[in-house]
Amino acid sequence: MAAAKHEAHHAPRHARPMLRVSLRNIAAHKLRLLLSVLAVVLGTAFVTGSLVFTSTLKSTFDGLLEQGAADLSVMIEPEDPRGAGVPFEVADRVMEMPGVAAAMPEVSGTVVLFNADGTPYQSGGAPSEGLAWIDPEQAVGSSNEMVDGRTPAADGEVVLPEGVLEGAGLAIGDTAQLYTTSNGMIDVTVVGTYTSDTDVGGYVGVGFTSEQARALFSDGENASSVSVRAEEGVGQGELRDAIAAEYPDFSVSTGEEVRERLSDQLGTMLDFINYFFVAFGLIALLVGTFIIYNTFSMLVAQRLRELALLRAIGASRGQITRSVLAEAAVTGLVGSAIGVVAGFGLAQAIFMVLDALDLGIPAGDLALATSSVVTPLVLGFVVTLFSAWAPARRAGRVAPVQGMRVGSVATEAGGGMRTYVGVLAVVAGVGLALIGTWQDTTKSGAITVGVGAAALIIGSFLVMPALARPIAGGIGRVIGAPFGAVGRLAATNAGRNTRRTAATAFALTLGLTLVAAFGTLGATTKESISGIIDQDIKADVVVQGVASQGPPVPLPGAIEERISGVDEVGEVAYLAFGFGVLGGEQQLISAAGGPVEEMIDATVVDGSLQPDENSLVVSRSVARDKGWTYGSTVPLVGPDGSESTLRVTGVYEDSQVLGQFYTGRDVYERLVPENLRTTFNVLVSPAEGFTSDQAREAVTAELADTPIAMVQSKQEYIDQQTGGVDQLLTIIYALLGLALVVAVLGIVNTLALSVIERRTEIGMLRAVGMQRSQVRRTVNLESTQIAVFGALIGAAVGVYLGWAFVTVLASSGLQMTTIPWGMIGIVLVCSAFVGVLASLWPAHRAARTGPLEAITD
């Protein structure tokens, strides 16, 4: 009690000197804290860059919305956005209402523009659409301004954005080719170019006359919506109420309400992107905690005599602890501040790359939001303090008498209890993940596996010090065997401070766990997609539209009739899509034509896969959920309000190819006007006496005038469908690479500080005859065994968790678990190289240690 009062009494008096001690320590040993600062910098830079990128996108898109709807007073839309639309006559009548300055029917549709060399123009993901050209005085919304040439005055004349004309290699007066879903390939003449105040990179807006746009992109009677501009002095709410009273069957909103709705939808989309990127920044910070923990643990061990002397001259335990935390606080603040600045640079670099790729992403001035600065600053600061807390408390427990000891000793107290808790956590994690795979619902199973994954990862961290001596040492003996005594010396170093070895290796363990888990999930997804398509599709050739802007472009309607007429072609089946209210719910309804049973392999539960007139064929799960059985009748309401009744004529086991349900061609023709009918894909088998290659070549020749049609073999189709999984995995691996970079920095940091800590030992070895090359080789081997140790544990944990998640998701279509052993093997080999690379600088420093100088120290 007296001691506590004594410490409390003297604490204020020593507070400032202790702070000076902390700052002088940082100033005197800048190099040893540099890598810890870098760990904080990388994590906070990624978090900052993510927040700035998404907030800038949101701000820029909001600005575009403001400009694009600056004079939009009222929007008239159908109650059901997938319905027939708003009749053109409504726009004509609204124009005559008091207070209305302009009423513009919105007419647009998907098009593909072809370059002068005959190849499709790549919009990079931005919209590519045909639209009705409206003179700026009569337009509502974005302001289009002619740059050169004239406006379209007759069918076949179009205007293009100025940048698109140049990018496509065209000039005013040239004839260009366009693909439209209603009329297929058409020839048009470019008569002018324009700019818009809402332009984004890659956007293709092909302006037609109003008459031709209506013929190409509407049913001839309805627009998708009607935009209204009020006369000066007329309020938006006033005009909305007047129009809503006149047309109660439509949804009528003010321009401000439309902007808010679109902004909210954009915010929801960007939030997902934000969470995705920030998650990887947090992973990097988490990995960084182990670097910071290691750094301060080793600094405390190296300064043991210094801390003991401070205790001997009156410093209290609390003051010693606070002095170490003060160093951590400075490290966290400096690293976070640099990270925030670097994050803004990262966001700017992302926009530059996207702009160079012409991906249709608008770029503006970087948005400086408070959260983009404060959040990463607080995160970096808190993470650093949290990481340094245990070493700081250990420093506070240093006894004054330890100042009389020679050298520094790193203790590993508490290892037994830590190992017991770790083993329990590992067992619990493995058990929970296994239990999750047995649960009935995907959601509950995923949650249970997720909890098990957290327990397994935490348990692995706690138990790794106990595994370091047998596993890391064993790896060291195998790797070091060719190097004789040097290899044996390196192998024993891992067991000298197992906690440090484990903390260093765990940074790599966490990264490899995520890589192996995502790799298993991705490989299984690819194999499942391949297996489903290979098993369910019996056709040898698949025809669908190009996918340069996301989903495949719809094929021209009745294209299947042209394919059927090819001599080398035998059976032809096809799928198309329309919208309607089925059983009281708005649905995307697929329609199948041709010999479905012969081209698609699905297990029939009842009835037939072949649709009859007014029939509906449904999957077993949908039939169960809706209470439909063979012979049930289901009401259908088309977009134009027409009503009919469908009869369930077939029930099949769930099929990824057939989807939930489909109808016949007769129903599709009632749902979709003739000029808007398209085909999604066509399945083709060769005629008797011809091979699949001959059939594919013949179909390709027949569709030479339809360049948006891709004619593929079944294997090419499978490869295309699985290509998206590869792209997503590439992005994820690239982002996880950030965590692996931080892990490598951790190995560099640990080895560098270890070299400083073992300076006397290295000097002794040099004095008894060890060569500089042998010193470097020892450090190289030590680093390699740490890296491989961490990678092995991470691969094992990641494969198990990947298997568990894949098993839980089996009901979503994932089939037999596929573990990417080849990729995991490559990663393990790369880990060994990473260990060598990470050790180059510390090994060089160790080799420069002078024998006499080190022994004198």
### Task
Filter segment 339-371 down to residues that are within 20 Å of the chain's Cα centre (by Cα), at pLDDT 75 or above and among the small types (Gly, Ala, Ser), then give me how many there are.
3
### Query
Of all the residues that make up segment 766-777, how many are within 14 Å of Arg848 (Cβ to Cβ) and either without any contact (Cβ under 8 Å) to a residue 24 or more places away in the chain or assigned to a loop (DSSP other than H, G, I, E, B) (or both)?
2
### Message
For the structure I just gave you, tell me whether Val515 is over 17 Å from Arg665 (Cα atoms) and part of a strand (DSSP E or B).
### Response
no
#### Entry: Extreme residue, farthest from Leu828 (Cα to Cα), among residues of segment 492-542 that are hydroxyl-bearing (Ser, Thr, Tyr), buried (at least 24 other Cβ atoms within 10 Å of the Cβ) and at pLDDT 85 or above
Thr524
#### Entry: From Gly422, Gly452, residue being out of contact with any Cys (no Cβ under 8 Å at 6 or more places or on another chain), assigned to a helix (DSSP H, G or I) and surrounded by 23 or more Cβ atoms within 10 Å (Cβ to Cβ)
Gly452
### Message
Looking only at segment 595-618, count every residue that is of a type outside the set (A, V, I, L, M) and either crowded, with 21+ Cβ neighbours inside 10 Å or free of Cβ contacts under 8 Å to residues at least 40 places away in the same chain (or both) and tell me the total.
### Response
3
### Query
Within segment 279-301, is there a residue that is in contact with an Asp or Glu (Cβ under 8 Å, 6 or more places away or on another chain) and modelled with pLDDT of 80 or more?
no
### Summary
Among the residues of segment 828-848, the number that are within 21 Å of Ile756 (Cβ to Cβ) and of a type in the set (Val, Ile, Thr) is 1
### Message
Could you tell me how many of the residues in segment 94-121 are of a type in the set (S, T, N, Q) and either assigned to a loop (DSSP other than H, G, I, E, B) or not assigned by TED's automatic domain parsing to the domain that holds Ser182 (or both)?
### Response
2
### Query
Within segment 646-672, how many residues are assigned to a strand (DSSP E or B) and either touching a residue at least 40 places away in the same chain (Cβ under 8 Å) or not assigned by TED's automatic domain parsing to the domain that holds Val682 (or both)?
11
### Task
Could you please tell me which pairs satisfy a Cβ distance under 9 Å, a separation of 6+ or placement on different chains, a first residue in segment 43-55 that is outside any helix (DSSP H, G or I), and a second residue that is crowded, with 24+ Cβ neighbours inside 10 Å and among the polar types (S, T, N, Q)?
none
#### Entry: Count of segment 617-645 residues which are within 37 Å of the chain's Cα centre (by Cα) and either in a strand (DSSP E or B) or of a type outside the set (Gly, Ala, Ser) (or both)
9
### Message
Pairs needed: first member in segment 251-280, within 30 Å of Val47 (Cβ to Cβ); second member anywhere, among the β-branched types (Val, Ile, Thr) and surrounded by 13 or more Cβ atoms within 10 Å (Cβ to Cβ); C-beta distance under 7 Å; at least 6 residues apart or different chains.
### Response
Leu270/Thr54; Ile273/Thr54; Asn274/Thr54; Val278/Val47
### Query
Going through segment 602-616 one residue at a time, which ones are farther than 30 Å from Asn222 by Cβ and assigned to a strand (DSSP E or B)?
Val604, Val605, Asp606, Gly607
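The values are calculated or read from the model by the stated rules, or taken from the named source; none is laboratory data. Computed from a predicted model, the values in this text were never measured in an experiment. FYI the Cβ positions are ideal-geometry reconstructions off the backbone, even for glycines, and counts take in every protein chain you see.
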